[in-house]
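Quick notes on the structure that follows.
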Amino acid sequence: MNEELKWYAVYTRPRWEKKVACLLEKKGIEQYCPLNKIYRQWSDRKKLVLEPLFTSYVFVRTTEKMHSEVRIVSGVVNFVYGLNKPAVIRNEEIECIKEFLDVHNNVQLQKTAITINDTVRIIKGPLVEYEGSVIAVKSKTIKVLLPSLGFMMIAEVEKTNIKVVYDNHMYKIE
């Protein structure tokens, strides 16, 4: 029986995210190191640089049998654990991160505890059809939770582009 490939987060040595991603790729292990596009100002120029979005984290898509291969990669500290086993990251969350980073520059992360708030569905824009818990809505900014990671991504989304979901009924926010 073939085991299903699942996404996991691995914790890396500080500032080794890109190196670990490269080493995993060389071993033939599917990996994703989300890179944030940030403009840096020097005295003589402004430059777009790619920095890891999640400090000391890289995502790997493996089976449980392949975990030992991942652990021996230089720079990998360990898997991120939840409930005493490696935490599985949903495919939808990886895709959401990819789409989010394709559209937005200078993304900020805030560490957060998971709380239950209104569930919303985005009805227009690059994250259309995604649902999530809203932490705050201030003018145009909404905070979208990624429950498996314990992080929230912050993006400007028009209030008219989201609907609140109550018991499978949607209500537009005005």
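The values are calculated or read from the model by the stated rules, or taken from the named source; none is laboratory data. These figures come from a predicted structure and were not determined experimentally. Neighbour counts run over all protein chains shown; Cβ positions are idealised from the backbone, glycine included.
Report yes if residue 74 is surrounded by fewer than 17 Cβ atoms within 10 Å (Cβ to Cβ), modelled with pLDDT of 90 or more, over 30 Å from residue 124 (Cα atoms) and in contact with a helix residue (DSSP H, G or I) (Cβ under 8 Å, 6 or more places away or on another chain), otherwise no. Yes; evaluated as a whole, the condition is true for this residue.
For the residues 88, 103, 49, 107, the requirement of being among the aliphatic types (A, V, I, L, M), farther than 23 Å from residue 125 by Cβ and surrounded by 11 or more Cβ atoms within 10 Å (Cβ to Cβ) singles out 88.
Listed conditions (1) modelled with pLDDT under 85; (2) aliphatic (A, V, I, L, M); (3) closer than 29 Å to residue 3 by Cβ are all met by residue 120, apart from (3). In summary, residue 12 fulfils each of the numbered conditions (1) within 17 Å of the chain's Cα centre (by Cα); (2) of a type in the set (Val, Ile, Thr); (3) under 22 Å from residue 99 (Cα atoms) with the single exception of condition (3). Yes or no: segment 72-82 includes at least one residue that is assigned by TED's automatic domain parsing to the domain that holds residue 22, in contact (Cβ under 8 Å) with a residue 60 or more places away in the chain and in contact with a Pro (Cβ under 6 Å, 6 or more places away or on another chain). Checked segment 72-82: at least one residue is assigned by TED's automatic domain parsing to the domain that holds residue 22, in contact (Cβ under 8 Å) with a residue 60 or more places away in the chain and in contact with a Pro (Cβ under 6 Å, 6 or more places away or on another chain).
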